[in-house]
Every structure is written in C-alpha cells, then in structure tokens.
C-alpha cells in the first residue's frame, strides 16, 4: 500500500479501512459507493468527513470540525486528490 499524504497544517497521511469508511458514512449519511465515486460529485460535507475519517488512524482526537478547519481554499484540490488516491489504495488492495 502506498502512503497518501496531503500538506495542511502539517503533513497528514490518509488511510482508509472499513472503520474509517463507516465513520464517514455515519457523518455524511451516504454509503461508501457514493463517497468512493467521482470526486466531482462530492459535497464539502463529504470532503470534510472523508478527510477526518482518513486521518483518524494517526490523530484519533481529531474532530470532523477540526478537519474542516484544516481545509483552506487552496487545499480543496489537493485534499480531493489525496482522498481519491487513499480510497483507490483501499479498494484496489489485493488479498
């Protein structure tokens, strides 16, 4: 598995597993298929929840609101790209 990082307040590593995706589903009310689809269909609610869920493995005290505060306008594209890459890593895993 590759390491997916994005630089926000510091370098953050995104990692998705089933628990992270369930957490994102619970925050957004959308299923993983919707969240893993085209990043062009993501709402800001989704981006914030996915960033939060993807960072929980390294920062379990991070709140979804904290994750939202990390995303500045200049970060939207890189965050969406990192989310897409980390989701691809999870769903593309073999074994």
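Every read-out reported here was derived from the displayed coordinates using simple, explicitly stated rules and does not represent laboratory data. It should be emphasised that the depicted structure is a prediction, and the values quoted were computed from it without experimental measurement. Cβ sites come from the backbone with ideal geometry, for glycine too, and all protein chains shown count toward neighbours.
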Task: Inter-label distance for residue 41 and residue 72, nm, one decimal - labels placed 7 Å from Cα along Cα-to-Cβ - done: 3.2 nm
Task: Spin-label model distance (nm) - residue 10 vs residue 91, 7 Å beyond Cα toward Cβ - done: 3.1 nm
Task: Gain upon complete extension [residue 26, residue 64; 0.36 nm per residue less C-alpha separation] - done: 12.5 nm
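How large is the helix-only mean residue ellipticity at 222 nm for the chain, computed as the sum of -39500 (n - 2.57) over DSSP H runs with n ≥ 4, divided by its residue count, in deg cm²/dmol to the nearest 500?
Values: 5 runs with 51 residues, N = 95.
It comes out at -16000 deg cm²/dmol, rounded to the nearest 500.
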Task: Modelled label reach - residue 17, point 7 Å along Cα→Cβ, the stretch 53-95 residues with backbone N closer than 20 Å - done: 53-64, 83-95
Open item on the list: With the alpha-carbon atoms as the only input, what is the per residue convex hull volume for the chain in Å³?
Closed with: 91 Å³
